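Visitor: Let me begin by handing over the structure; questions about it come next.
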Amino acid sequence: MARAILYDSVLCVGCRQCEATCSERWKLPYSEKVAAEEYTSAHKVTAVRTFGERFSRKLCMHCIDPACASVCPVAALQKTAAGPVIYLEDRCMGCRYCMTACPFQVPSYTWNEILAPKVSKCDMCSDRPGKPTRCSEICPVEATITGDREELIDIAKKRMKESPGTYYPAIYGIQEAGGTSVLVVSAVPFDQIGYNVQVPKEALPLTTWAALQHIPNIVVSGSVLMGGIYWLNNRKEDVAREEGEK
């Protein structure tokens, strides 16, 4: 069963409790100033955005076939069978290809961390498998819910059927970028509440690799070198640990 999230902009009241609980999960500061920031960043993994009297959320869309994972040379980003796209911090070498490849402009880089900068993004609460995401659990109006992707699509269709004229007749995320594990329904066309409707319908990894083929060889060689340095550093740690155990 593939885990997914359904976000219903029609039901959302903009309380931002999803932001607060997400910040608590990542041990990030959350204040009135941070709450007022309607964009994701290194210190804000999900953001509620306002469009007049309507709201939307920005978070990792957890693509079924994610471009970020496909371009990562050290597999620091991985799509799991359970649904989330997870980030393995100890593998990351800081190339930031994921930021370039993401069609939804989600991954953020912790530039303020001088010694150990890393990528910041939602991981769909992968630390609590089998349970609702924290944002779903705390939402007072079920504007955000967690479940099986196909079941959530059925729920979205049911809501639209039961409230004709209330919902825009489409579900964002069914086809975008080949399909995502975050689905969105709205009262208006999705571009009116901040979603990119120009995202191709097909999965993007093949497209991103085609683009990377045109990157100068020196850049590719550099990434290989960085990957080698990453491997050597970790191998040194392994050897030191093995020596210490003897």
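The values are calculated or read from the model by the stated rules, or taken from the named source; none is laboratory data. This is a predicted model, so every value here is computed, not measured. Here the Cβ is made from the backbone with ideal geometry for all residues, glycine too, and neighbour counts use every protein chain on show. Accessible surface areas use protein heavy atoms only, side chains included; no ligands, DNA or RNA. Shrake-Rupley method; radii C 1.70, N 1.55, O 1.52, S 1.80 Å.
Visitor: I'm told Pro117 meets every condition in (1) out of contact with any Asp or Glu (no Cβ under 7 Å at 6 or more places or on another chain); (2) surrounded by fewer than 20 Cβ atoms within 10 Å (Cβ to Cβ); (3) within 20 Å of Leu28 (Cβ to Cβ); (4) touching a residue at least 24 places away in the same chain (Cβ under 8 Å) except one. Can you identify the failing condition by its number?
Guide: (4)
Visitor: Of the residues Thr40, Thr50, which is more than 21 Å from Glu176 (Cβ to Cβ) and polar (S, T, N, Q)?
Guide: On the way: Thr40 fails: more than 21 Å from Glu176 (Cβ to Cβ).
When all the criteria are applied, what remains is Thr50.
Visitor: So, in segment 102-120, of the ones that are among the hydrophobic types (A, V, I, L, M, F, W, C) and either touching a strand residue (DSSP E or B) at 6+ places or on another chain (Cβ under 9 Å) or not in a loop (DSSP other than H, G, I, E, B) (or both), which residue ends up nearest to Gln175 (Cα to Cα)?
Guide: My answer is Phe104.
Visitor: Kindly provide the set of residues from segment 79-99 that are closer than 16 Å to Ala42 by Cα and of a type in the set (Lys, Arg), ordered by number.
Guide: Correct list: Arg96 only.
Visitor: In addition: Test each condition in (1) farther than 21 Å from Cys98 by Cβ; (2) without any contact (Cβ under 8 Å) to a residue 40 or more places away in the chain; (3) touching an Asp or Glu at 6+ places or on another chain (Cβ under 9 Å) for Thr21 and report the one that comes out false.
Guide: With respect to (1) farther than 21 Å from Cys98 by Cβ; (2) without any contact (Cβ under 8 Å) to a residue 40 or more places away in the chain; (3) touching an Asp or Glu at 6+ places or on another chain (Cβ under 9 Å), Thr21 is out only on (2).
Visitor: Next up: Conditions: (1) crowded, with 16+ Cβ neighbours inside 10 Å; (2) under 23 Å from Lys131 (Cβ atoms). Glu24 meets all but one. Number of the miss?
Guide: It fails just one condition, (1).
Visitor: When you check Cys60 against the structure, is it over 28 Å from Ile171 (Cβ atoms) and either in contact with a strand residue (DSSP E or B) (Cβ under 7 Å, 6 or more places away or on another chain) or not acidic (Asp, Glu) (or both), yes or no?
Guide: In short, no.
Visitor: May I ask you to verify whether Lys33 is on the phi < 0 side of the Ramachandran plot, among the basic types (Lys, Arg), open to solvent by 50 Å² or more (accessible area, probe 1.4 Å) and not in a strand (DSSP E or B)?
Guide: Taking the combined requirement at face value, the residue satisfies it.
Visitor: Separate question: Modelled with pLDDT of 90 or more, over 21 Å from Arg57 (Cα atoms) and either open to solvent by 60 Å² or more (accessible area, probe 1.4 Å) or part of a loop (DSSP other than H, G, I, E, B) (or both): which single residue out of Asp90, Asp123 fits that description?
Guide: It is Asp90.
Visitor: Return yes or no: is Lys201 basic (Lys, Arg), modelled with pLDDT of 50 or more, open to solvent by 30 Å² or more (accessible area, probe 1.4 Å) and part of a helix (DSSP H, G or I)?
Guide: On the way: basic (Lys, Arg): yes; modelled with pLDDT of 50 or more: yes; open to solvent by 30 Å² or more (accessible area, probe 1.4 Å): yes; part of a helix (DSSP H, G or I): no.
In short, no.
Visitor: So, one more: Please go through segment 46-87 and pick out each residue that is in a loop (DSSP other than H, G, I, E, B) and among the hydroxyl-bearing types (Ser, Thr, Tyr).
Guide: Within segment 46-87, the first condition is being in a loop (DSSP other than H, G, I, E, B), and the residues that meet it are 46, 52-53, 59-62, 64-66, 72-76, 80-84.
Those that are in a loop (DSSP other than H, G, I, E, B) and among the hydroxyl-bearing types (Ser, Thr, Tyr): Thr46, Thr80.
Each row is one residue, and each column tells you yes or no for (1) open to solvent by 80 Å² or more (accessible area, probe 1.4 Å); (2) at pLDDT below 95.
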site	(1), (2)
Leu183	no, no
Val188	no, no
Leu212	no, yes
Ile218	yes, yes
Gly227	no, yes
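Visitor: Also, quick follow-up: Counting just the residues of segment 50-73 that are surrounded by 17 or more Cβ atoms within 10 Å (Cβ to Cβ) and over 12 Å from the mean Cα position of the chain (by Cα), which one comes out nearest to Trp111 (Cα to Cα)?
Guide: Cys72
Visitor: Another one. When you go through (1) closer than 18 Å to Val45 by Cβ; (2) exposed (fewer than 12 other Cβ atoms within 10 Å of the Cβ); (3) touching a Cys at 6+ places or on another chain (Cβ under 7 Å) one by one for Cys135, which number turns out not to apply?
Guide: Only one criterion in (1) closer than 18 Å to Val45 by Cβ; (2) exposed (fewer than 12 other Cβ atoms within 10 Å of the Cβ); (3) touching a Cys at 6+ places or on another chain (Cβ under 7 Å) is unmet by Cys135, namely (2).
Visitor: As an exercise: evaluate Met99 against (1) open to solvent by 30 Å² or more (accessible area, probe 1.4 Å); (2) within 22 Å of Arg3 (Cα to Cα); (3) in contact (Cβ under 8 Å) with a residue 12 or more places away in the chain; (4) outside any loop (DSSP other than H, G, I, E, B) and give the number of the one condition it does not meet.
Guide: Checking Met99 against (1) open to solvent by 30 Å² or more (accessible area, probe 1.4 Å); (2) within 22 Å of Arg3 (Cα to Cα); (3) in contact (Cβ under 8 Å) with a residue 12 or more places away in the chain; (4) outside any loop (DSSP other than H, G, I, E, B), the one that fails is (2).
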